[in-house]
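Below is one structure, written out as structure tokens; comments come after it.
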Amino acid sequence: ENISKHITYNEATISPTSLRFGIENTPTDAQLFKMRLVAEACFEPLREWYGKPIKVNSFFRCTLLNEKVGGAKNSQHAKGEAIDMSAGSKEEN
């Protein structure tokens, strides 16, 4: 299942930290709804403009995962409202 055209559910929820600590990083239906909105309204237009793949570094983080990575207590990631991403290589920048 995809969150949007270019973001898979796994890409949006799996992280090395969640795997290392066995954290089940599963969004609620409300969080998933917000994730889809952010992906469609923010990520997809940027991806279309850029014209190349953009790597999702961090999207949804449950409260426990957010704590493990040192995220802010009121992090938008825990609400499904933030995406950290990177694009291109050093040679392209």
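Assorted remarks:
- Approximate spin-label separation GLU81-TYR9, in nm, with each point projected 7 Å along Cα-to-Cβ: 2.4 nm
- Taking label points 7 Å from Cα along the Cα-to-Cβ direction, LYS52 and THR28 give a separation of 4.0 nm.
- 23 Å Cα cut-off, lysine pairs counted over the range 1-90 (separation 8 or more, or different chains): 13
- Of the two radii for the range 43-93, the radius of gyration is 1.08 times the Kirkwood radius, both from the alpha carbons; that is the Rg over Rh value.
- Note, ³J(HN,Hα) from phi for the range 38-43, Karplus 6.51, -1.76, 1.60, rounded to Hz, x at Gly and Pro: 5, 4, 6, 7, 10, 5
- Of the trypsin sites (Lys or Arg not before Pro) found in the chain, the ones in coil according to DSSP and having at most 10 other Cβ atoms within 10 Å of their Cβ are LYS73, LYS90.
- Convex hull volume of the Cα atoms of the chain, normalised per residue: 104 Å³.
- Share of Cα-Cα pairs in the range 19-69 lying beyond 18 Å, as whole percent: 44 percent
- Each residue of the range 5-20 is assigned a 3J(HN,Hα), and the resulting list reads 4, 10, 10, 7, 4, 4, 4, 7, 10, 8, 9, x, 5, 5, 5, 4 Hz, derived from the Karplus form 6.51 cos²θ - 1.76 cosθ + 1.60 (θ = phi - 60°), x at Gly and Pro.
FYI, it's all coordinate maths here, none of it is from the lab. It should be emphasised that the depicted structure is a prediction, and the values quoted were computed from it without experimental measurement. As a convention, Cβ positions derive from the backbone with ideal geometry for all residues, glycine included, and neighbour counts pool all protein chains shown.
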